[in-house]
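Chemist: The structure under discussion is supplied below as structure tokens; questions concerning it will follow.
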Amino acid sequence: MRKTLIINSGSSSLKFKLYNMPQYEVICEGIIERIGQEANFVLKYQKQKHVIEQTIITHEVAINLLLEQLKKHKLIDDLAEITKVGHRVVQGGEIFTSSTIVNEQKLEQIYELQKLAPLHNKANADGIKIFMKLLPNAQNIAVFDTEFHQSMPKESYIYPVPYSWYKKHGVRRYGMHGTSHKFVANKISQLEGVPLEDLKIINCHLGNGASLCAIKDAKVLTTSMGLTPLAGIMMGTRSGDIDPSIIEYMAKELNKDVFEITHILNNESGMLGVSEFSNDCRDLAKKADDGDMQAIFTFELYVTRLVETIGAYAARMGGLDIISFTGGIGENNALIRKMTLDALDLFNIKIDNSININSTLHDDRVITLDDSSVKVWVVNTDEEYQIALEAEKF
Ligand code: ADP
């Protein structure tokens, strides 16, 4: 029996999911958190959860522990059963327009791209490097968050700044969450029984990080994240788009440098910054329920950013068939979905309120009535499955 292991290697964590192939049956999944210190290893399978707490200094130690535990729990008999390892890589630049089997040269290129994604690409590449060493006979396949967005037209990805910034320094919109946007778009096409080429979709991936993506002719027309994940709509702790002059202004006001201000825009802004309370929608929803005006305003601001972006994307697509919601907030927060759709009055969207608010429904579902002009889907994203699917192409 051959198996595909999906790895999302971050700077201090490593998420994994193991599939039996070719039936895409999930064998187990889990996470190793706080690598570099007293770490937490969580392995879940068949409704069981196993936790190990021990000091894990490096990613290599973490991966060795993972492989050892897979054998110990008899989830694999032999490491040779893992014939493919699919790796999430955040930034593929303009070099990687599709998933690829990683060799030494491509690994080097992924490391070089860390200039564009310093927080992510090094950790992603380190993960690949370790698997190339520990499982030398397995194929290591890199699947890039930016890949789907490489289908964007030039007018969507060039910023109106000196053109040399693009030519010499790679400044352009790359977009993120491409694997999720691609998965959701294809899922909707499959569930609708309509080729993706014939659908105009705006997918709202709303998690801690959040991005919107307009999909037309089975390609990305545009997306809200930019050179980095800081751009676009308001997020858990990120500001999204702001007047760039605010950076210089606040650097002077607070006597901080550009790096410190950017850190605040990434980590202390968004829902957290505005609510002055939490970046987590669930906490804010409780506060809003208690009548806290700042929590209510935080939701209103979040929704306003969403509505403005959806309106702009619909105008660019010259029409709109489907809006889809995914990610932790998109899949679970009925209030944000309703506030957003109500504010899009222009599109004559008719929500099926009973389905929208029914928290016992977890399958992919349509939350609009049959006579709604735009259909609205809630789709459970599955980036690991999409990576396994990409890995299967080789
Ligand atoms: P990440 O971008 O880190 O993967 P998630 O997609 O898990 O994040 O999204 C995190 C957000 O989703 C948080 O604001 C959280 O409150 C919200 N969320 C997650 N699960 C639920 C739930 N069951 N009900 C309501 N909100 C949820």
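Chemist: With the other protein chains left in place, how much accessible area per residue, in square angstrom, belongs to the range 350-394 at a 1.4 angstrom probe? Show your work: numbers first, answer last.
Modeler: Working: 2310 Å² over 45 residues.
Solvent-accessible surface per residue comes out at 51 Å².
Chemist: Right, next: Would you mind calculating the gained length between LYS393 and GLN105 on full extension (0.36 nm times residue separation, minus the Cα-Cα distance), in nm to one decimal? Mind showing how you got there, number by number?
Modeler: Details: separation 288, 0.36 × 288 = 103.68 nm, distance 2.05 nm.
Separation in residues times 0.36 nm, less the Cα-Cα distance, equals 101.6 nm.
Chemist: Semi-axes, largest first, in whole Å: what does sqrt of 5 times each Cα gyration tensor eigenvalue give for the chain?
Modeler: Working: eigenvalues 220, 132, 106 Å².
Each semi-axis is √(5λ); the values are 33, 26, 23 Å.
Chemist: If you take the C-alpha gyration tensor of the range 1-76, multiply each eigenvalue by 5 and take the square root, what semi-axes do you get, largest first, in whole Å? Each step should come with its number before you reach the end.
Modeler: Details: eigenvalues 94, 32, 21 Å².
Semi-axes (√(5λ), whole Å): 22, 13, 10.
Chemist: Distances longer than 18 Å among the Cα atoms of the range 257-342: what percent of all pairs is that?
Modeler: Details: 1903 of 3655 pairs.
Percentage above 18 Å: 52.
Chemist: Next question. Which GluC sites (Glu not before Pro) in the range 8-114 pass both tests, a DSSP loop state and at most 16 other beta-carbon atoms within 10 Å? Mind showing how you got there, number by number?
Modeler: Details: sites: GLU25, GLU29, GLU33, GLU38, GLU53, GLU60, GLU68, GLU81, GLU94, GLU104, GLU108, GLU112; in loops: GLU94.
Answer in residue order: GLU94.
Chemist: Tell me, what does the Kirkwood hydrodynamic radius of the range 123-176 come to in angstroms if you use every pair of distinct C-alpha atoms? Mind showing how you got there, number by number?
Modeler: Values: mean 1/r = 0.0731 Å⁻¹.
Hydrodynamic radius (Kirkwood, Cα pairs) of the range 123-176 is 13.7 Å.
Chemist: Take the Cα atoms of the range 333-387, find their three principal axes, and give me the spread along each one in whole Å, biggest first.
Modeler: The Cα atoms of the range 333-387 stretch 37, 23, 20 Å along their principal axes.
Chemist: Average the reciprocal distances over every distinct pair of alpha-carbons in the range 79-136, invert the result, and give the Kirkwood radius in Å. Kindly include the intermediate steps, with their values, before the conclusion.
Modeler: Numbers: mean 1/r = 0.0848 Å⁻¹.
When all Cα pairs of the range 79-136 are included, the Kirkwood radius is 11.8 Å.
Chemist: Rg over Rh of the range 191-235, using C-alpha atoms and the Kirkwood radius, what does it come to? Can you show the working numbers first?
Modeler: Values: Rg = 12.1 Å, Rh = 11.4 Å.
Reported Rg/Rh (Cα atoms, Kirkwood Rh): 1.06.
Chemist: Continuing with this model, one more query. Just to confirm, what accessible area per residue do you get for the range 51-171 at 1.4 Å probe, in whole Å²? Could you put the intermediate results ahead of the total?
Modeler: Details: 5960 Å² over 121 residues.
Computed with neighbouring chains in place, this is 49 Å² per residue.
Chemist: Taking the Cβ of GLU33 as the center, what net charge do the other residues with Cβ under 13 Å away carry, scoring Lys and Arg +1 and Asp and Glu -1?
Modeler: Details: positive: LYS15, ARG34; negative: GLU38, GLU53.
Once positives and negatives cancel, what remains is 0.
Chemist: Given the convex hull over the Cα atoms of the range 182-317, what projected area results after averaging over all orientations, in nm²? Mind dumping the intermediate values first?
Modeler: Working: hull surface 38.2 nm².
Hull-based average projected area comes out at 9.5 nm².
Chemist: Over the range 205-296, with every protein chain in place, what whole percent of the accessible area is carbon and sulfur at 1.4 Å, could you tell me?
Modeler: Values: 2420 of 4720 Å².
Carbon with sulfur: 51 percent of the solvent-accessible area.
Chemist: What does the convex hull of the Cα atoms of the range 111-251 come to per residue, in Å³, rounded to a whole number?
Modeler: About 153 Å³ per residue, rounded to a whole number.
Chemist: Over 17 Å, how big is the tail of the calculated P(r) for the range 1-129, in percent of all Cα pairs? Present the calculation step by step, with values, prior to reporting the outcome.
Modeler: Values: 4866 of 8256 pairs.
Tail fraction, whole percent: 59.
Chemist: Sticking with this structure for a sec: Give the value in nm², to one decimal: projected area of the alpha carbon convex hull of the range 80-190, averaged over all directions. Don't skip to the answer; put the middle values down first.
Modeler: Values: hull surface 32.8 nm².
Spelled out: convex hull of the Cα atoms, projected over all directions, averaged, 8.2 nm².
Chemist: Hey, what's the per residue convex hull volume over the C-alpha atoms of the range 175-253, in cubic angstrom? Working shown, then result.
Modeler: On the way: hull volume 6.5 nm³, N = 79.
It comes to 82 Å³ per residue, whole-number rounded.
Chemist: Related question: Pairs LYS219/LYS375; LYS154/LYS375; LYS17/LYS115; LYS44/LYS71; LYS84/LYS216: which exceed 25 Å Cα-Cα?
Modeler: With Cα atoms farther than 25 Å apart: LYS154/LYS375; LYS17/LYS115; LYS84/LYS216.
The values are calculated or read from the model by the stated rules, or taken from the named source; none is laboratory data. None of the values given here were measured: they were computed from a predicted structure. Here the Cβ is made from the backbone with ideal geometry for all residues, glycine too, and neighbour counts use every protein chain on show. Just so you know, the surface numbers come from the protein's heavy atoms only, side chains and all, with ligands and any DNA or RNA stripped out. Shrake-Rupley method; radii C 1.70, N 1.55, O 1.52, S 1.80 Å.
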